[in-house]
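> Got a structure for you, questions after.
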Amino acid sequence: MPEVLGFYPMWYVPVIGSALVIGLIASIHVLASHTSVGGSILLAYLATKAYKERQPQIYDYIKKYLLGLLVFSYVSGSITGPGIWFSATVANPKGISALIHNFVWVWAAEWIWFIAEVTLVYILFYTLGKIDERSWLRLVWTFAIGSWATMYIIVGILSFMLSPGHEKWFTTGSILDAFYNKNYFPHLLMRSGFMFALAGTLGLIIASLMKGKIEEKVYKDIVKTMSYWGIGGIVFGMTMFGWYYSTLPERALKMLSGIVPLWYYGAILLIILAILAHFVITAINQNAVKPYVVLPLYVLIFAIGVFPEEKIRETIRKPYVAGEFVWVNQIIEKDVPAKGITSWIKTINEKGFLAVNPFVPEGLRKITPENEVMAGKAVAILQCSGCHNVTGSTGLRPFGKKFEGMTDKEAVYNFLANYLTPQNHPPYMPYFVGKDEELRALSAYIADMIAKGGKVSAKIEVPAVSVGANVNK
């Protein structure tokens with residue numbers, strides 16, 4: 001039995017939590033990247049139309065659209081992409097490690113497509129009108145294929161994070177079983193549908209800014225095209241959502257029905273209906289496209305559409321962060337025989353959670369009356385802070401509110417000892433893992449924090465007596 005387990009340091013963000021930091025960055029990235037993927041295919045279609053129907057003015061619109069993609073999608077996307085990697089890696093390095101060990105070559109392929117995509121968008125912008133149309137047409141379709149290929153790849157990893165979809169992967173370890181899991185195709189098709197709505201909305205913004213600068217017939221034709229693609233994308237995306245929903249694991253369905261705030265659903269439905277109505281109106285009356293309407297609409301898509309959607313996606317995969325075997329607190333909960341991975345639960349229960357985590361201060365590994373509260377704070381940060389503000393009464397599911405009024409550590413212990421067991425724990429939370437004295441230390445910390453007004457410093461200080469006790473051992 002190992003003396004220490006492969007934990008990494010924990011990044012604790014007081015009040016808002018590391019998950020919200022990742023969620024904000026990821027939402028900006030999703031908006032930018034999905035607009036880009038949908039836009040690439042729309043532009044390829046428009047370029048084909050311009051070439052076949054001999055409508056050179058469409059190229060003027062394409063040029064502006066490409067500039068819009070460059071300025072918004074590829075600048076913000078190139079910043080937020082590494083931002084997701086950085087924040088997710090420091091927030092849950094064990095989860096990222098698990099994904100890399102499964103999908104390293106898949107991710108490598110995605111990066112190759114992404115580099116090709118970024119290179120091509122610059123080439124397309126600077127060569128439009130400077131090379132022959134057929135060559136440019138080939139380039140823009142290559143751009144569209146490459147752009148969609150990045151989505152084709154990343155959706156497989158996102159789907160696996162929610163669930164492998166079946167028990168087969170645990171015994172085969174096959175990358176294909178992990179990638180093409182149960183909800184891969186409905187997930188891919190659902191996102192593909194909605195990306196056309198995003199691209200169509202950006203297309204209407206560009207068109208509204210060009211009104212009067214291109215021939216009216218061409219302008220109306222472009223607005224109709226954007227509107228029809230937008231309507232089709234929303235209808236297709238909603239249809240695929242029904243299929244996607246049917247593939248969700250039971251754990252996720254319970255969270256959708258009982259944990260996810262109702263306003264998330266209302267906000268998402270509202271923005272979808274608003275976009276759909278706008279597309280219908282602009283399809284009927286192309287002069288109805290106004291920048292002061294469509295620009296705020298695009299911002300609202302981020303605020304009450306993409307952000308709640310990303311929060312829901314993050315919520316329904318809990319308590320896991322990857323493949324239904326790594327918990328959000330980095331603990332390996334389940335064996336994966338095909339990968340030689342064994343559960344940490346038995347080791348932690350026998351040796352103690354604080355003893356097997358190499359990043360716990362030396363003076364807190366053995367619990368004493370002097371360090372009990374601080375050892376409990378260490379347990380709270382390491383086991384609970386992935387989903388809770390464990391040092392305050394505001395923000396992310398705060399301990400200060402959940403245990404309000406509970407200043408008796410014995411009462412807190414009795415509650416936790418009955419609540420966080422393998423039999424009774426909620427489906428979205430890991431159960432407590434560790435020795436009984438560590439659960440008592442956690443209870444002592446919570447009671448102490450509540451007694452101090454429900455807010456304490458996030459700093460972990462090792463009492464001098466504890467340091468001396470360990471030094472003298």
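The values are calculated or read from the model by the stated rules, or taken from the named source; none is laboratory data. Keep in mind it's a predicted model, so treat the numbers as computed, not measured. Cβ sites come from the backbone with ideal geometry, for glycine too, and all protein chains shown count toward neighbours. For the accessible areas, the whole protein counts, side chains as well, though only heavy atoms, and no ligand, DNA or RNA atoms are used. Shrake-Rupley method; radii C 1.70, N 1.55, O 1.52, S 1.80 Å.
> Which one of SER466, SER457 is open to solvent by less than 50 Å² (accessible area, probe 1.4 Å) and modelled with pLDDT under 95?
SER466
> Looking at (1) closer than 22 Å to GLY68 by Cβ; (2) free of Cβ contacts under 8 Å to residues at least 24 places away in the same chain; (3) open to solvent by 70 Å² or more (accessible area, probe 1.4 Å), find the lone condition where TRP141 falls short.
Condition not satisfied by TRP141: (2).
> Select from the stretch 275-302 the residues that are of a type in the set (Gly, Ala, Ser) and surrounded by 15 or more Cβ atoms within 10 Å (Cβ to Cβ) and write down the one among them that is nearest to the chain's Cα centre (by Cα).
So the residue we want is ALA283.
> What helices (runs of 4 or more DSSP H), lying completely within the stretch 255-316, carry at least 2 residues that are closer than 17 Å to GLY237 by Cα?
The helices (runs of 4 or more DSSP H) meeting that bar are 262-284, 307-316.
> Would you please name the residue that is farthest from PRO319 (Cα to Cα), looking only at residues in the stretch 89-110 that are open to solvent by 40 Å² or more (accessible area, probe 1.4 Å) and touching a helix residue (DSSP H, G or I) at 6+ places or on another chain (Cβ under 9 Å)?
Filtering the stretch 89-110 for residues that are open to solvent by 40 Å² or more (accessible area, probe 1.4 Å) and touching a helix residue (DSSP H, G or I) at 6+ places or on another chain (Cβ under 9 Å), the one farthest from PRO319 (Cα to Cα) comes out as TRP105.
> When the residues of the stretch 407-426 are narrowed to those that are open to solvent by less than 50 Å² (accessible area, probe 1.4 Å) and not hydroxyl-bearing (Ser, Thr, Tyr), which ends up farthest from GLY376 (Cα to Cα)?
Checked the stretch 407-426; the qualifying residue farthest from GLY376 (Cα to Cα) is PRO426.
> Only one of LYS217, LYS224, LYS168 is surrounded by fewer than 17 Cβ atoms within 10 Å (Cβ to Cβ) and farther than 30 Å from GLN57 by Cβ; which?
Going through LYS217, LYS224, LYS168 in turn, the sole match is LYS168.
> Under 8 Å by Cβ, and 6 or more places apart or on different chains, what pairs join a residue from the stretch 70-91 that is under 17 Å from GLU110 (Cβ atoms) with one that is of a type in the set (Asp, Glu)?
So the pair list comes out empty.
> Identify all residues within the stretch 338-350 that are open to solvent by less than 30 Å² (accessible area, probe 1.4 Å) and in a helix (DSSP H, G or I); write none if there are none.
The answer is ILE345, THR347, ILE348.
> What about TYR264, is it out of contact with any Cys (no Cβ under 8 Å at 6 or more places or on another chain), closer than 27 Å to LEU198 by Cβ, open to solvent by 50 Å² or more (accessible area, probe 1.4 Å) and modelled with pLDDT under 95?
No, not satisfied.
> Another question, if that's okay. Restrict the check to the stretch 320-337 and report whether at least one residue is in a helix (DSSP H, G or I), acidic (Asp, Glu) and either touching a helix residue (DSSP H, G or I) at 6+ places or on another chain (Cβ under 6 Å) or open to solvent by 30 Å² or more (accessible area, probe 1.4 Å) (or both).
no
> For TYR228, work out the one condition from (1) more than 28 Å from the chain's Cα centre (by Cα); (2) of a type in the set (Phe, Trp, Tyr); (3) farther than 15 Å from GLY193 by Cβ it doesn't fulfil.
Tallying (1) more than 28 Å from the chain's Cα centre (by Cα); (2) of a type in the set (Phe, Trp, Tyr); (3) farther than 15 Å from GLY193 by Cβ, TYR228 fails exactly one: (3).
> Are there any helices (runs of 4 or more DSSP H) wholly within the stretch 353-436 with 3 or more residues that are among the hydrophobic types (A, V, I, L, M, F, W, C), and if so which?
353-356, 372-384, 409-419
> Quick one: would you say THR247 is at pLDDT 90 or above, more than 20 Å from PRO186 (Cα to Cα), of a type in the set (S, T, N, Q) and open to solvent by less than 40 Å² (accessible area, probe 1.4 Å)?
no
> Given the conditions (1) out of contact with any Asp or Glu (no Cβ under 6 Å at 6 or more places or on another chain); (2) open to solvent by 70 Å² or more (accessible area, probe 1.4 Å); (3) farther than 25 Å from GLY237 by Cα, report the number of the one that MET210 does not fulfil.
The number of the failed condition is (2).
> List the pairs whose first member sits in the stretch 38-51 and is open to solvent by 10 Å² or more (accessible area, probe 1.4 Å), whose second member is assigned to a helix (DSSP H, G or I), and whose Cβ atoms are under 7 Å apart, counting only residues at least 6 apart or on separate chains?
Qualifying pairs under 7 Å: ILE41/ALA144; ILE41/TRP148; THR48/LEU137; LYS49/ILE58; TYR51/GLU133; TYR51/LEU137.
> Same structure again: Tell me which of these GLY146 doesn't satisfy, since it passes every other one: (1) in contact with an Asp or Glu (Cβ under 8 Å, 6 or more places away or on another chain); (2) open to solvent by 50 Å² or more (accessible area, probe 1.4 Å).
Going through the list (1) in contact with an Asp or Glu (Cβ under 8 Å, 6 or more places away or on another chain); (2) open to solvent by 50 Å² or more (accessible area, probe 1.4 Å), GLY146 breaks only (2).
> Also, quick follow-up: Exactly one condition in (1) open to solvent by 30 Å² or more (accessible area, probe 1.4 Å); (2) touching a Ser or Thr at 6+ places or on another chain (Cβ under 7 Å); (3) modelled with pLDDT of 95 or more; (4) not charged (D, E, K, R) is not met by MET374; state its number.
The one condition MET374 does not meet is (2).
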